[in-house]
Amino acid sequence: MSQRIIIDTDPGQDDAVAILLALASPEIEVLGITTVAGNVPLALTSRNALKICEVAGRPDVKVFAGAARPLQRPLVTAEHVHGRTGLDGPSLPDPVMTLQAQPAVDFIITTLRSEAPGTVTLATLGPLTNVALALAQAPDIAPRIKQVVAMGGGCFEGGNTTPAAEFNIYVDPEAARAVLAAGIPFTLIPLDCTHQALTSRARVEALRALPNRTGPVVAQLLDFFERYDEEKYGTDGGPLHDPCVIAWLLRPALFSTREVNVEIECSSPLTRGMTVMDWWRVTDRKPNATVCGGIDADGFFTLLTERLARLP
Ligand code: BDR
Ligand code: CA
């Protein structure tokens with residue numbers, strides 16, 4: 001049976017690859033894509049989502065614009081990583097597709113109320129603002145959500161935006177805290193996992209060599225995206241964060257996991273957005289998340305390459 005998902009996202013090159021992986025996978029039905037401000041402002045993340053649906057040859061996918069700013073804080077963006085457009089790299093045409101009129105938060109609420117309980121997964125690739133707003137406006141949807149699978153946070157790997165915090169959680173820590181507190185089955189894919197999924201030259205060249213349009217477009221996205229992290233970490237390639245969320249839905253056996261208590265720091269200026277994970281169970285706080293600590297990176301890139309080969 002196919003997995004029915006809403007992708008909540010702030011594209012972003014790695015978000016774009018995650019969307020392509022989902023749209024290329026017959027086991028997944030994308031009910032809609034909801035956009036949020038994050039890597040770049042909302043107008044750009046929304047436009048980028050439309051562009052990527054067109055790369056996939058899927059103008060039928062519904063894209064809904066969501067929150068333009070975090071719940072309580074000014075927006076922090078990451079043009080230094082993703083470029084001015086958020087999708088720098090390939091030259092993609094202006095989208096012909098348009099956004100749906102319905103706001104993203106309404107779409108999330110109405111979908112969860114109309115679909116059978118426990119059948120819809122939220123795959124979140126950006127700050128959790130939209131999901132937190134939906135839960136605040138309609139708490140009745142919480143028990144209807146099958147699961148939230150989120151890219152965010154870090155344990156032993158620390159942060160990538162501050163020493164303590166990963167970008168998605170740093171941008172809207174109050175939203176992350178609210179979603180974690182809602183009692184929904186929650187899987188977190190932190191930097192500890194995604195920093196193992198490196199876009200090495202060989203892996204990018206395998207994508208570039210695909211005999212379709214998508215493979216070379218993805219290679220160009222990754223050429224741009226990896227330059228910042230390669231320099232920062234001194235690695236061959238950069239971490240391909242967000243597609244790990246979709247890979248988890250497709251092939252959980254690629255990941256190693258642990259049931260862990262995760263709390264979000266929202267007060268301290270020094271550690272704002274830190275995911276405090278009780279990895280060694282040194283408190284009596286109950287586990288509230290499945291945390292992916294490792295990934296079979298070769299298996300992940302084999303899956304990604306095989307799936308992207310199916311697109312136009
Ligand atoms: C996360 O932040 C964004 O820059 C990426 O798209 C990813 O979702 C990694 O920290
Ligand atoms: Ca993202």
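Apart from one condition, Ala37 fits all of (1) within 22 Å of Val105 (Cβ to Cβ); (2) open to solvent by less than 10 Å² (accessible area, probe 1.4 Å); (3) away from ligand 1 (no atom under 16 Å from the Cβ); the exception is (3).
Being part of a loop (DSSP other than H, G, I, E, B), modelled with pLDDT of 95 or more and either under 16 Å from the mean Cα position of the chain (by Cα) or under 18 Å from Ala18 (Cβ atoms) (or both) narrows it down to one residue among Arg310, Arg285; which is it? Checking each option against the conditions leaves just Arg310. If you check Gly159, Gly153 for being within 14 Å of ligand 2 (Cβ to nearest atom) and either open to solvent by less than 20 Å² (accessible area, probe 1.4 Å) or farther than 21 Å from Pro252 by Cα (or both), only one passes: Gly153. When segment 74-91 is limited to residues that are within 21 Å of the chain's Cα centre (by Cα) and away from ligand 1 (no atom under 14 Å from the Cβ), the one that is surrounded by the most Cβ atoms within 10 Å (Cβ to Cβ) turns out to be Pro90. Any residue that is at pLDDT 95 or above and under 27 Å from Gly238 (Cα atoms) - is there at least one of those in segment 96-108? Within segment 96-108, not a single residue is at pLDDT 95 or above and under 27 Å from Gly238 (Cα atoms).
Residue-wise test of (1) free of Cβ contacts under 8 Å to residues at least 40 places away in the same chain; (2) open to solvent by less than 10 Å² (accessible area, probe 1.4 Å); (3) part of a helix (DSSP H, G or I).
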site	(1), (2), (3)
Ile5	no, yes, no
Asp8	no, yes, no
Ala16	no, yes, yes
Leu21	no, yes, yes
Pro26	yes, no, no
Ile33	yes, yes, no
Thr45	no, yes, yes
Ala49	no, yes, yes
Pro59	yes, no, no
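Here's the yes/no breakdown for (1) over 22 Å from Gly153 (Cβ atoms); (2) surrounded by 23 or more Cβ atoms within 10 Å (Cβ to Cβ):
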site: Leu221; (1), (2): yes, yes
site: Ile246; (1), (2): no, yes
site: Leu250; (1), (2): no, no
site: Glu259; (1), (2): no, no
site: Glu265; (1), (2): no, no
site: Met274; (1), (2): no, yes
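Apart from one condition, Thr124 fits all of (1) surrounded by 18 or more Cβ atoms within 10 Å (Cβ to Cβ); (2) out of contact with any helix residue (DSSP H, G or I) (no Cβ under 7 Å at 6 or more places or on another chain); (3) among the hydroxyl-bearing types (Ser, Thr, Tyr); the exception is (2).
For segment 194-214, a residue qualifies if it is closer than 21 Å to Trp248 by Cα, of a type outside the set (D, E, K, R) and part of a helix (DSSP H, G or I), and the qualifying residues are Thr194, Val204, Leu207.
Using the structure shown, decide if Glu226 is closer than 24 Å to Leu270 by Cα, among the acidic types (Asp, Glu), part of a helix (DSSP H, G or I) and touching a residue at least 24 places away in the same chain (Cβ under 8 Å). Criteria not met by Glu226. For segment 231-262, the set of residues classified as in a helix (DSSP H, G or I), away from ligand 2 (no atom under 16 Å from the Cβ) and among the small types (Gly, Ala, Ser) consists of Ala253 only.
The values are calculated or read from the model by the stated rules, or taken from the named source; none is laboratory data. Owing to the predicted nature of the structure, the values given are computational and were not obtained by experimental measurement. Please note: Cβ atoms are built from the backbone with ideal geometry, for glycine as well, and neighbour counts cover all protein chains shown. The area values use the complete protein model at the heavy-atom level, side chains included, leaving out ligands, DNA and RNA. Shrake-Rupley method; radii C 1.70, N 1.55, O 1.52, S 1.80 Å.
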